[in-house]
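These notes are about the structure you will find just below.
The values are calculated or read from the model by the stated rules, or taken from the named source; none is laboratory data. Note that the structure is predicted; figures quoted are calculated from it, not measured. Note: ideal-geometry Cβ built from the backbone for every residue, glycine included; neighbour counts use all protein chains shown.
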Amino acid sequence: MAKAVLTITSKNYSSWSLRGWLLTKFSGLDFEEQTISPDDPAARAEILLLSSSILVPCLRHDGVTVWDTLAIAEYLNEIKPKAGLLPHDRVLRARCRSISGEIHSGFTALRSSLPVNLKGHFPGFKIWSRAQSDIDRITTLWTECLDASKGPFLFGERSMADAMYAPVVTRFRTYDVALPKRLAEYSDVIMAMPEMKQWIAAAKLEPEDIEELEVEF
């Protein structure tokens, strides 16, 4: 059987590509990467939040094409149930899906004002009130999950939710968002994952810069 193919775009800027890639890595599915340059108009529009739909990442496997991160997560959970992308407990599965759906469809102020930029670092960055509201909601979610699971991941073991929130962890690092000790420790756990280290190392080698995401405002 041919390897699965995961289409992604910029590792430095694309939060959606990071999510899809981590989900596929977490599942253990053997796959090849296919990269679309950020210079591609459709890919650039998605990164800059100017597209009405997000078609990358896209997973092709065994005759199936899946292009939404939540759909990719659910598909991978079906074909690789032992990977633990969703918790075994029914109540925890529902909560994991809920918080994953929240980051998938919400937090627009955070997305637009603190875009993912793994090579960037903006100390003293001004965080506006709407973005701060998103940050407060995210830290509440993380705290509730870690209180219940005792860590080190949001649901104890690594899950879909950790892949979905990993780009948020990078945003907090890029823009020096202060976190309580426990949440800073969770962020350290995410950043220490071998998969994250691999992704970030590749992102730092990318030559492309998207000027719109390099402005310090």
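Among the residues of the stretch 181-205, those identified as part of a loop (DSSP other than H, G, I, E, B) and surrounded by fewer than 14 Cβ atoms within 10 Å (Cβ to Cβ) are Lys204, Leu205.
Summed over the stretch 116-141, residues that are under 27 Å from Gln198 (Cα atoms), out of contact with any Phe, Trp or Tyr (no Cβ under 7 Å at 6 or more places or on another chain) and assigned to a loop (DSSP other than H, G, I, E, B) total 5. Within the stretch 94-115, the only residue that satisfies the criterion of being surrounded by fewer than 17 Cβ atoms within 10 Å (Cβ to Cβ) and either among the basic types (Lys, Arg) or not in a helix (DSSP H, G or I) (or both) is Gly106.
Of the residues that make up the stretch 153-162, is at least one surrounded by 14 or more Cβ atoms within 10 Å (Cβ to Cβ), outside the structural domain of Lys25 (by TED's automatic domain parsing) and polar (S, T, N, Q)? Yes, the stretch 153-162 has at least one match. Under the condition of being among the β-branched types (Val, Ile, Thr), surrounded by 15 or more Cβ atoms within 10 Å (Cβ to Cβ), modelled with pLDDT of 95 or more and not in a helix (DSSP H, G or I), the residues counted in the stretch 46-89 number 1. Taking each residue of the stretch 166-188 that is of a type outside the set (Lys, Arg) and looking for partners that are modelled with pLDDT under 95 and assigned to a helix (DSSP H, G or I) with beta-carbon atoms closer than 7 Å, six or more apart or interchain, yields Pro167/Ser15. Selection of the stretch 1-21 for residues being part of a loop (DSSP other than H, G, I, E, B) and in contact (Cβ under 8 Å) with a residue 24 or more places away in the chain yields Met1, Lys3, Thr9, Ser10, Lys11, Asn12, Tyr13, Ser14.
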